[in-house]
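The values are calculated or read from the model by the stated rules, or taken from the named source; none is laboratory data. Owing to the predicted nature of the structure, the values given are computational and were not obtained by experimental measurement. We place every Cβ from the backbone using ideal geometry, glycine too, and count neighbours over all the protein chains shown.
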Amino acid sequence: MSATTKTLEELTNRKYEAGFITDIEQDTVPPGLDEDIIRFISRKKAEPEWMLEWRLKAYRNWLQMPVPKWANVHYPPIDFQAISYYSAPKRKEDMPQSLDEIDPKLKETYDRLGIPLHEQEMLAGVAVDAVFDSVSVATSYKAKLKEEGIVFCSMSEAIREHPDLVRKYLGSVVPYTDNYYAGLNSAVFTDGSFVFIPKGVRCPMELSTYFRINAANTGQFERTLIIAEEGSHVSYLEGCTAPVRDENQLHAAVVELIALDDAQIKYSTVQNWYPGDEEGRGGVYNFVTKRGLCAGNNSKISWTQVETGSAITWKYPSCVLRGDNSVGEFYSVAVTRGRQQADTGTKMIHMGKNTRSTIVSKGISAGHGQQSYRGLVRITPKAENARNYSQCDSMLMSATCGAHTFPYIDVQNPTAQLEHEATTSKIGEEQILYCNQRGIATEDAVSLIVNGFCKEVFRTLPMEFAVEAQKLMEITLEGSVG
Amino acid sequence: MALLEIRNLHARIQGVEILKGIDLAIERGETHAIMGPNGSGKSTLAKVLAGDPSYEVTGGEVYFQDRNLLELAPEDRAREGVFLGFQYPVEIPGVSNTYFLKAALNAIRKYRGEKELDAMEFLQLIKERAKSVKLDEALLRRPVNDGFSGGEKKRNEIFQLAMLEPYLAILDETDSGLDIDALRTVAEGVNSLRSEERGFLVITHYQRLLSYIIPDKVHVLLHGRIVKSGGKELAEELEGSGYALFDEAAA
């Protein structure tokens, strides 16, 4: 993303953030979770009664759910009563006062990614007053979206301002009964993004939450809902390439996408949460439920993710292809190094006729990183002529890392055509020697080879994001061959 | 001083000694051929000169344009002007030939204190050189060696040689796996690149290649040592008698 784009996003969200922060400055809740806490959250956000009811139902259901154990990741049990589910942003005097106080390694990475100083301060959570050079830019940006009838705001705002839409669609793709972490999120989510693209509108710009990270405490249980009406198009970017520090260890977000007839949603993520120290201590647990519903005929949902951060990742952006001729895509690059563990993949549920899905998953493991691809392709009985193409490639960069593949295929209609290709390769000493012999230094050779490996995924990212992703990969994997 | 001077070179891999004292000097403008049966150490010599870390040099010296080659990292040897045409060129999926060569050429230029080429200059050069070695331009856009036929891979090596303009080009069994037409094209490419400035070390199993690339000197490598050196007629002699004759002489 260019600096201009970032500034725009920053500015569009500023108004809300400022209001939000002033509003709750005095409030904190002690760690622990019960119905009173949920009532407190709902009241603080001035939510309507139905929203509170929904949260409470989710909570009561969650209490009955077992903690999922099936993922190929290992961590000590989480004490859900030790987490504070609502806390005011830190007061300035408790925050680092300047970049000199943060981890020099983090600072170095920011510099190498070419992030401007004031943005570095925000990412690192330094106490600063945001200074914006042009308010008019933001105004025209918001005006432009409004002109098109597009709604792009925080989830809290949407609940207040667009209750009918939220009520209709929230939980329609990921119900609170879906899984343990989605259930928890439904009960306690504090914020997130809401996007509504009306019929026939092509969103004129990439939408992004980039700078919402500034409000650190909304990130923990984030809830995002994107609705694309008939014939509309939208491309949404989430996250940023810069490493993000966060004191919240558990992140359980839910993202729901709905595409009506002929609508297209492209959702791109670059995730670079703190992975923990060399032993994996203190890293973020990223347990996310992302699902898109191709509700209409000829609709299309495309997920692209570049996952380099977090201590543990548990994430399966999926598509439910209900409309006839609908298309689901999943492009993923995941990197695990140090002590990182990732169990990630996708689900493609074919329900409509002539539905098509594509899965391209590239896993890179280095150091002691452990990575599993887990993917489900299901062809339901009525999905005539469904097609799926899956490709899972793993690259190993050390003798101590691991790559695992768990493909599930469930075909209930004989007209289906499925293809599955999988490769595992060790980054070759021969490849590196070959590059060296042409004058290319080893570090550059590794980045060349890895970027080549990830190319099919990177090219699905919006242009500027792709450039950043490449650079991120370079820095992430520096010195990883061994 | 010679372009390349190898003195009493010993090298081993996984504890097994393969090179047992090689002496060889190549002058600028000369083309030398090394012939020998399988396992004689031909490819080992090529890889040791390129700096393949799987080989351990246990003795001897190698000077390239007065620089101690063995002290240099593989990429620096390349930047100094040593090129190895690989017997089995590796594939680098997702990285276009053009991109790869631009990275390589500019790394070399930077090392030599020359201006790096911009995209336009580079594109012009690459098209010109592709034409000169009769490489299909479509191959420039394809990932490095990925899905190339055997002949295309070898031709691509010669094309890279033409692009990088080294002072010494070592060709490791460039003829293996080529049919006669491909062999001729590759040889023509090599011949077009011979110059007074550049030395060639052509490693081959068969005399066949040497009817197209006429060497100035031929060396017979056997059990890790050069057992005989001579002019181009030595290659023909070998074709008639085989290596057995030398084997006895060596023993």
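A quick yes/no check of all residues on (1) under 22 Å from the mean Cα position of the chain (by Cα); (2) loosely packed, with under 11 Cβ neighbours inside 10 Å; (3) farther than 18 Å from A:Asp178 by Cβ:
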site	(1), (2), (3)
A:Lys45	no, no, yes
A:Trp50	no, no, yes
A:Trp54	no, no, no
A:Asn61	no, no, no
A:Met65	no, no, no
A:Pro68	yes, no, no
A:Ala71	yes, no, no
A:Asp79	no, yes, yes
Exercise for review: Please tell me if B:Gly85 is facing chain A (nearest Cβ under 10 Å), touching a residue at least 40 places away in the same chain (Cβ under 8 Å) and either over 16 Å from A:Leu448 (Cβ atoms) or among the small types (Gly, Ala, Ser) (or both).
Suggested key: yes
Check your understanding: Hey, A:Ala386 hits all of (1) in contact with an Asp or Glu (Cβ under 8 Å, 6 or more places away or on another chain); (2) at pLDDT 95 or above but one; which does it fall short on?
Key -> (1)
Exercise for review: Output yes when any residue across segment A:426-439 is closer than 30 Å to A:Ile265 by Cα and among the polar types (S, T, N, Q), and no when none is.
Suggested key: no
Revision key, fill the gap. Matching residues in segment B:108-127 (surrounded by 22 or more Cβ atoms within 10 Å (Cβ to Cβ) and either at pLDDT 95 or above or within 8 Å of chain A (Cβ to nearest Cβ) (or both)) number 1
Practice item. State whether the residues of segment A:382-395 include one that is within 14 Å of chain B (Cβ to nearest Cβ) and surrounded by fewer than 21 Cβ atoms within 10 Å (Cβ to Cβ). Key: yes
Check your understanding: How about segment A:437-452: which of its residues are facing chain B (nearest Cβ under 7 Å) and buried (at least 24 other Cβ atoms within 10 Å of the Cβ)?
Key -> A:Gln437, A:Arg438, A:Gly439, A:Ile440, A:Ile449
**Study point:** All strands (runs of 3 or more DSSP E) inside segment B:1-65 with 3 or more residues being more than 15 Å from the chain's Cα centre (by Cα) and on the phi < 0 side of the Ramachandran plot
**Key:** B:4-13, B:16-26, B:56-64
**Study point:** Of all residues in segment B:30-76 being of a type in the set (D, E, K, R) and in contact with a Leu (Cβ under 6 Å, 6 or more places away or on another chain), the one that is farthest from B:Arg198 (Cα to Cα)
**Key:** B:Asp52
Check your understanding: Looking at segment A:350-376, which of its residues are of a type in the set (Gly, Ala, Ser), under 12 Å from A:Gly338 (Cα atoms) and not in a strand (DSSP E or B)?
Key -> A:Ala366, A:Gly367, A:Gly369
Review point. On the given criteria, is A:Thr423 more than 7 Å from chain B (Cβ to nearest Cβ), within 14 Å of A:Leu396 (Cβ to Cβ) and at pLDDT below 90?
Key: yes
Point to revise | Candidates B:Leu72, B:Leu49 - the one that is more than 8 Å from chain A (Cβ to nearest Cβ) and in contact (Cβ under 8 Å) with a residue 40 or more places away in the chain | key: B:Leu49
Practice item. Would you be able to say whether some residue in segment B:72-91 is modelled with pLDDT of 95 or more, among the β-branched types (Val, Ile, Thr) and closer than 28 Å to B:Thr204 by Cβ? Key: yes
Revision key, fill the gap. Going through segment A:167-185 in order, the residues found to be assigned to a helix (DSSP H, G or I) and in contact with a strand residue (DSSP E or B) (Cβ under 7 Å, 6 or more places away or on another chain) are A:Tyr169, A:Tyr181, A:Ala182, A:Asn185
Check your understanding: Of all the residues that make up segment A:300-349, how many are closer than 14 Å to A:Ala366 by Cα and not in a strand (DSSP E or B)?
Key -> 7
Exercise for review: Among the candidates A:Asn179, A:Asn185, single out the residue that is surrounded by fewer than 21 Cβ atoms within 10 Å (Cβ to Cβ) and not hydroxyl-bearing (Ser, Thr, Tyr).
Suggested key: A:Asn179
Practice item. Pick out, from segment B:162-251, the helices (runs of 4 or more DSSP H) lying fully within it that include 1 or more residues that are among the aromatic types (Phe, Trp, Tyr). Key: B:244-250
Review point. Of the residues that make up segment A:286-309, is at least one under 20 Å from A:Cys203 (Cα atoms), of a type in the set (Val, Ile, Thr) and surrounded by fewer than 23 Cβ atoms within 10 Å (Cβ to Cβ)?
Key: no
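Residues checked against (1) more than 16 Å from A:Arg438 (Cβ to Cβ); (2) without any contact (Cβ under 8 Å) to a residue 12 or more places away in the chain:
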residue	(1), (2)
B:Leu117	no, no
B:Arg129	no, no
B:Ser132	yes, no
B:Glu137	yes, yes
B:Leu140	no, no
Practice item. Give the residue, chosen from B:Val220, B:Val227, B:Val186, B:Val190, that is more than 26 Å from B:Thr98 (Cα to Cα) and in contact with a Ser or Thr (Cβ under 8 Å, 6 or more places away or on another chain). Key: B:Val220
Check your understanding: Can you tell me which of B:Leu69, B:Leu135, B:Leu105, B:Leu101 is surrounded by 20 or more Cβ atoms within 10 Å (Cβ to Cβ) and either of a type outside the set (A, V, I, L, M) or in contact with a strand residue (DSSP E or B) (Cβ under 6 Å, 6 or more places away or on another chain) (or both)?
Key -> B:Leu69
Check your understanding: For segment B:26-43, how many residues meet the condition of being surrounded by 16 or more Cβ atoms within 10 Å (Cβ to Cβ) and more than 14 Å from every other protein chain (Cβ to nearest Cβ)?
Key -> 12
Exercise for review: Report, ordered by the first and then the second residue, all pairs with beta carbons closer than 7 Å, sequence separation of six or more or different chains, a first member in segment A:185-206 that is among the acidic types (Asp, Glu), and a second member that is modelled with pLDDT of 90 or more.
Suggested key: A:Glu206/A:Ser235
Check your understanding: Given the structure, is A:Ser372 in contact with an Asp or Glu (Cβ under 8 Å, 6 or more places away or on another chain), more than 14 Å from chain B (Cβ to nearest Cβ) and farther than 23 Å from A:Cys294 by Cα?
Key -> yes
Study note, to complete from the structure: By residue number, the members of segment A:453-467 that are under 24 Å from A:Ile359 (Cβ atoms) and either more than 14 Å from chain B (Cβ to nearest Cβ) or of a type outside the set (Val, Ile, Thr) (or both) are A:Phe453, A:Cys454, A:Lys455, A:Glu456, A:Phe458, A:Arg459, A:Leu461, A:Pro462, A:Met463, A:Phe465, A:Ala466
